[in-house]
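Structure provided below as C-alpha cells; questions to follow.
The values are calculated or read from the model by the stated rules, or taken from the named source; none is laboratory data. Owing to the predicted nature of the structure, the values given are computational and were not obtained by experimental measurement. Don't worry about glycine lacking a Cβ; one is built from the backbone with ideal geometry, like all the others, and counts go over all protein chains shown. When the accessible area is computed, the model is the full protein with side chains, heavy atoms only, and any ligands, DNA or RNA have been set aside. Shrake-Rupley method; radii C 1.70, N 1.55, O 1.52, S 1.80 Å.
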Amino acid sequence: MLRALRIYGAAALLLIFVAFPLYWMAITSLKPQTEVFRVPPTWLPERWTLEHYVELFLLTDFGRLFLNSLQVCLMSTFMALAVGILGAYALARLKVRGKEAYGRMVLLAYMFPGALLIIPLLLLFRQLGLTNSHLGLSLAYLTFAVPFVMWVMRDFFASIPIDLEEAALIDGASRLGALWDVVLPQAVPGIIATGIFAFLFAWNEYLFALILISDEALRTLPPGMMRFVSTTDTNWGLIMAASTLATLPMALAFGLIQRYLVTGLGAGGVKG
Amino acid sequence: MASDTPQGAVRTFEDGAVRERAGAARTLASTLLDRHLGIILLLPSALTFLVLLVFPLAYGIYTSFFERHVLDPEGTWVGLGNYVWLFTNPNFWHSLLISTFWAGATVGLQIVLGTAVALLLHQSFQGRSLVRGLVLFPYMMPVVSVILVWMLLYNALYGVINYVLVQTGIVSRPIAWLSQPDSAFWSVVFVGVWKYFPFVVVIVLARLQVIPQDLYEAARIDGAGPIARFFDITLPQLRDVLLVVALLRTIFMFNNFEIVFLLTGGGPLRATMTLPILVYEQAFGVYELGRGSAIAVVMFFILIAVMSVYFAFLRKEND
Amino acid sequence: MATVRLDRLHKEFRSIGGAVHALRDLTLDIADGEFVSLVGPSGCGKSTALRIIAGLETPTSGRVLFDGQDITGLEPRDRNIAMVFQSYALYPHMSVRQNLEYGLRKRGVPREERERKVAAIGAMLQITPLFDRRPRQLSGGQRQRVALGRALIRDPAVFLLDEPLSNLDAKLRVHMRAELAALHQKVRTTMIYVTHDQLEAMTLSDRIIVMNHGVMQQVGTPEEVYSRPANRFVAEFIGTPSMNMIEGTLRPEGGRLLFSAPGITVPVPPAAARQGTTGQATLGIRPEDISLVPPGTPGAIPAQVTVSELAGAERFHFIALNGHSVIVRTPAATVLHPGETVALGLDPERLHLFSGAGEDAAAIR
C-alpha cells in the first residue's frame, strides 16, 4: 500500500514536471490577450478563445513558414532515407573492404556539430548558389540525417535474420532483388521510425536555417518563430499558438510510432 | 514410379534446366552488379559525405589559417595567427570552461533523472503506458517551442515559476531567471535536462526490460533487499549502457547550440557563452570567419578525442 | 538431378588471431539421387561445406562441380539448387502461396505453370489449406512442410538441407524424419543433409560423412560408419550411448597380441593382430556388445555395478571396472543393483582397437 502510494506520488510529480510546460503552452494559446499577462495567473482560461490562431494565419506569415519547413524537412528526409538505407544495407550485409572504418566515420559524421560546418557550408553554398534555396537547406540537413539513417538502419538490417536473404538468393534473386523483395518489406517499421526522427531533427534545426536562408519568403519555422518574440511586441498568446502548432506534427508522428521508438533512439540515435 | 500427380508435377521441370542455362548469360551483367553491390550502395553516401562533410571540414581548417572578414572577403593568410589569438584570448578559455560545465551538468542530471524515471516506469502501475508516452513529449517537442514556452515560464513579471515560488514563500520576490549571471546558467541547464532526459529514459528502460528476472529472484533468495538488489544487480547491468549514453550525450550537449543561444544568446555577461555560440559570435556577429573557423576546428579535435574514447570502449566491449 | 563433386575444398576465415580453418581439403563424390549427410559437432565445418555448395560462401581454394561442370564461381541463383534452412527462412510478409511461388517467379515461370506446380506441391505436402496464411500463423511442423515445398517446387538439381529438423520438438522430429525419407524415395533428387544429430544421419542417409575440426573423418554407409569406425572420434560420435573406451597398451605375449589395461587383458583378434601394432592403444566396445555372463566363465571380467537406468525397453548399467567406467546395454528385464558384482563378457568379434589415445587414433583392423 505504502509502496503503491510512493509509486503514484512519484508518477504524479513526473507528470507535472513533464507535462506542465506543454499544458501551459496549450492553455496560454487559448487565453485572450489580457488574461495571458494576469497575475495571479489563471490555471484554466476564464474565456476560451481561438483568436490567437486566427491572428496567426491572418496577420503573420506562420502559414508560409510552416509550409516552407514542411517542404525542406520532407525533401531532406526522403533524400536521407534513399541514400542512407542503401549505405546501411551495404554496411550491415555486404562484403566491402574497410567498411568497419567507414561505419566509424559515419558515426563521427553524425556527431559533427553544426557550428563546425556552418562557416564552410555557407561559403560553399554561396559559390554554388545554394543559399536562399530550400534544396540547399535540405542538402545541409543531410549532414546529420544521412549518418543518422545509416547508423540506425545498419543495426536494424543486422537484426533481420540473414537466412531470409540467403533463401531469396537461392530462390533466384539477385542481391539487389533480395534487398527489394525480402529485406525492405521487413524493414518498413524501422524505416518509418528512422524517417520520423530524421524529420524531427530537421524540423528542430535552427542554425543552418538562420544562416543559409535570409529571404523572408523562404524562411522556415524555427528562425521565423523566434522573430515573433521581438516583432510582435511579445504577444505570448500568439507565440504559444505557434509553438503548439509547430509541436502538433511531431506529436502525431510519435503517436504513430510509439512502438518503434527504441529503434529510432537506439544505438547511435542520440542526436540532441 | 510416377503414379501420383505431385510426382509428375515436380518432374516436368526438365525445361527448367534449359532456362537455367539461358539465365547464365543474363546474369553476366548482374553478377558484376552483385559482386560490387557493396561499393555501389555506399557510393551515394560517400558522395554526400565528401561534398557536405569532408570538403567543408577541410575548407574550414583552411579558412582557419586566414583572416577573413567583410572588408577582406578573399582573406589574408595569417598562418597560425587565429590560433594564437584564440589561445591567448581569455574569452576562449572562459567559453571552453562554460561548455564543459554545461555539458557536465546537463548530462549528469539527465543520467540521474533519466535512470530514476526509467526505474519508476519499469514498475507496474495503472496508467503506466500513458506516462511512458507522455515522458517522451519534451524530446519530440520542437526546440523552438521548448524555448518559447520556457521563456514564458521563466518570465520575471508574469512567469508561473516566479508566481509559485513567491506564493509558497521560497523566494521573497520574482527573479529574472535568464538575465542574471548566476541564475541564467542553471536555468538554461534545467531546460537542457528537461528537453533531453527522456532519451536516457527510453534507453535505460529498454535495457532494464532485458535484465533476466531470475537474477533478482536469485538475489532475493540470497537475502538481498531492494536497495542491495539495485546496487548489486540493476546498476552493474546498466553500467555499460549508461557509460555509452553519457559519452554520446556529452558530445551532443557540448555541441548544442540552440538551447543556450535561443534562451540567453550567451549572456548575461558571457555567463552562458558556450563554444558553439562563440563560433557564431565570431563568424556572424563580428564577421571574423577565420577566427570562427579556428574555434570550430578546436571543437572538432575535442570531438575526435572523445570519440576515440568511445571507440576504444566499444572495442573493449566486443572482445 | 546431378552428381556433385567437391574437389579439395578449403576454407579459411581470417580473424585477429590468425586464420581459422573451417574446412580442410574436403574431397567427395556424391552420386545422382544420393542422400548424404554431413554430420559432426558444431564447428566441424559441415555447415561451411553446405554453404559453399550453395554458393553462399566462397571457398579459399578448391572447386565444386555439378555434373562435371565447375560451378565454384557461380552465384547461388545460377546453380539450380534449393535449400531448407534450420530457421526455415520463410518470407514473413508473404503468404504460403507466395512463398512457394517466389522462386518460380524469379525464374520467369509463366503463371499457369506456377499455379499448376503450387497446386501439385500443396497436394503432395498436404499444405493446400494453408495457402493464404502467413508463416507466423503456422505451427512448427507446418512451417517445415512449407519450407520443404518451397525447395521442392523448383525441382532443383541438388537439394540442400541445413539442420531442418532441429527446431521441432522430439515427437514431431521423428515424424518429419520419416516423411523426409519417404520424400526422398519419391523425388530421388540428390540431397545433402547437414545435422549434428547422428541418429538423423543414420536413419536417413545412403552415406554419412563424419566431420571434425574441418576435416572429413570417414565416409561410408550408416552400417559401415557404425560397425567399422575409422577412428576413435567416429567411434565415439556415432551411437548412443557412446562406445566405451578403455585406454591401455598392446603388447605381444606368447606369440599372441594382447591388449591390456589395469584389470583387463583381452586377446587381440587375429585380423587386427596381423598389423603388428604395439604400444599405446584404446579398446572400444559398444554397450550392446558387452554381455553379463555367469561368474567363472573363462575370460569374464569381474566388475561392480554403480548405477542402473531404465530407458523404456532397455536398461543402461554403469559399471566400474578397475577404475574404468563402462556402460552396458541390456533388455529392461535385466535388473542389477548398485554395488552388485557381475561378470562381463566382451564379444571378441566386436572389439574395436585404436592405435593411440587421442580422438584421431586410427582403427586397427
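So, in region A:35-87, how many residues would count as being more than 18 Å from A:Ala242 (Cα to Cα) and of a type in the set (Ser, Thr, Tyr)?
3
A further question on this structure: For region A:23-102, please list each of the helices (runs of 4 or more DSSP H) lying entirely inside it that holds at least 2 residues being polar (S, T, N, Q) and under 24 Å from the mean Cα position of the chain (by Cα).
A:62-93
Continuing with the same structure: Yes or no: A:Gly255 open to solvent by 10 Å² or more (accessible area, probe 1.4 Å) and closer than 30 Å to A:Thr28 by Cα?
Working: open to solvent by 10 Å² or more (accessible area, probe 1.4 Å): yes; closer than 30 Å to A:Thr28 by Cα: yes.
Spelling it out, A:Gly255 is indeed open to solvent by 10 Å² or more (accessible area, probe 1.4 Å) and closer than 30 Å to A:Thr28 by Cα.
Exactly one of these conditions fails for C:Pro222: (1) closer than 30 Å to C:Arg5 by Cβ; (2) out of contact with any helix residue (DSSP H, G or I) (no Cβ under 9 Å at 6 or more places or on another chain); (3) in contact (Cβ under 8 Å) with a residue 12 or more places away in the chain. Give me its number.
Failing condition for C:Pro222: (2).
Taking into account only those residues within region B:102-145 that are facing chain A (nearest Cβ under 7 Å), open to solvent by 20 Å² or more (accessible area, probe 1.4 Å) and assigned to a helix (DSSP H, G or I), which is farthest from A:Phe254 (Cα to Cα)?
This residue is B:Leu120.
Taking region B:269-319, which residues are touching a helix residue (DSSP H, G or I) at 6+ places or on another chain (Cβ under 9 Å), of a type outside the set (Val, Ile, Thr), closer than 19 Å to B:Leu53 by Cβ and open to solvent by 40 Å² or more (accessible area, probe 1.4 Å)?
Scanning region B:269-319 gives no hits.
Looking for something at pLDDT below 90, open to solvent by 50 Å² or more (accessible area, probe 1.4 Å) and not charged (D, E, K, R) - is there at least one such residue anywhere in region A:90-101?
Yes; the residues of region A:90-101 include at least one that is at pLDDT below 90, open to solvent by 50 Å² or more (accessible area, probe 1.4 Å) and not charged (D, E, K, R).
Looking at the structure I just gave you, is C:Ile208 buried (at least 22 other Cβ atoms within 10 Å of the Cβ), hydrophobic (A, V, I, L, M, F, W, C) and over 28 Å from C:Gly284 (Cβ atoms)?
On the way: buried (at least 22 other Cβ atoms within 10 Å of the Cβ): yes; hydrophobic (A, V, I, L, M, F, W, C): yes; over 28 Å from C:Gly284 (Cβ atoms): no.
Criteria not met by C:Ile208.
Tally up the residues in region C:129-143 that are surrounded by 12 or more Cβ atoms within 10 Å (Cβ to Cβ), part of a loop (DSSP other than H, G, I, E, B) and of a type outside the set (A, V, I, L, M), please. Please lay out each step first, then the result.
Of the residues in region C:129-143, the ones surrounded by 12 or more Cβ atoms within 10 Å (Cβ to Cβ) are C:130-131, C:133-135, C:137-138, C:140-143.
Pick out the ones that are also part of a loop (DSSP other than H, G, I, E, B) and you get C:131, C:133-134, C:138.
The next check asks that each one be of a type outside the set (A, V, I, L, M); those that pass are C:131, C:133-134.
Of the residues in region C:129-143, 3 are surrounded by 12 or more Cβ atoms within 10 Å (Cβ to Cβ), part of a loop (DSSP other than H, G, I, E, B) and of a type outside the set (A, V, I, L, M).
If you go through region B:190-241, how many residues are outside any helix (DSSP H, G or I), without any contact (Cβ under 8 Å) to a residue 40 or more places away in the chain and of a type outside the set (A, V, I, L, M, F, W, C)?
Residues meeting the conditions: 4.
Now a separate question. Within the group B:Phe261, B:Phe231, which residue is closer than 26 Å to B:Phe313 by Cα and open to solvent by 10 Å² or more (accessible area, probe 1.4 Å)?
The conditions single out B:Phe231.
Assess whether C:Thr203 counts as being open to solvent by 10 Å² or more (accessible area, probe 1.4 Å) and in a helix (DSSP H, G or I).
yes
Among the numbered criteria (1) more than 30 Å from the chain's Cα centre (by Cα); (2) buried (at least 20 other Cβ atoms within 10 Å of the Cβ), which single criterion is violated by B:Val188?
(1)
Condition first: touching a helix residue (DSSP H, G or I) at 6+ places or on another chain (Cβ under 9 Å) and either within 16 Å of A:Leu108 (Cα to Cα) or facing chain C (nearest Cβ under 7 Å) (or both). Now tell me which residues in region A:162-173 satisfy that.
Scanning region A:162-173 gives A:Leu164, A:Glu166, A:Ala167, A:Leu169, A:Ile170, A:Asp171, A:Gly172, A:Ala173.
When the residues of region A:37-58 are narrowed to those that are of a type in the set (A, V, I, L, M) and more than 10 Å from chain B (Cβ to nearest Cβ), which ends up most open to solvent (accessible area, probe 1.4 Å)?
Filtering first and then ranking leaves A:Leu58.
On to the next question. Which residues, counting only those in region A:4-36, are farther than 29 Å from A:Glu55 by Cβ and more than 9 Å from chain B (Cβ to nearest Cβ)?
A:Leu5, A:Arg6, A:Gly9, A:Ala12, A:Leu13, A:Ile16
Matching residues to (1) closer than 19 Å to C:Gly239 by Cβ; (2) crowded, with 17+ Cβ neighbours inside 10 Å:
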position: C:Gly284; (1), (2): yes, yes
position: C:Ala303; (1), (2): no, yes
position: C:Val307; (1), (2): no, no
position: C:Glu314; (1), (2): yes, no
position: C:Ser325; (1), (2): yes, no
position: C:Leu336; (1), (2): no, yes
position: C:Gly345; (1), (2): no, no
position: C:Ala363; (1), (2): yes, yes
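State which residue is nearest to C:Leu353 (Cα to Cα) when the search covers only region C:243-262 and only residues that are assigned to a loop (DSSP other than H, G, I, E, B) and open to solvent by 50 Å² or more (accessible area, probe 1.4 Å).
Of all residues in region C:243-262, those assigned to a loop (DSSP other than H, G, I, E, B) come to C:243, C:254-255, C:262.
Narrowing further to those that are open to solvent by 50 Å² or more (accessible area, probe 1.4 Å): C:254-255, C:262.
Details: C:Gly254: 20, C:Gly255: 19, C:Pro262: 16 Å.
In this case the residue turns out to be C:Pro262.
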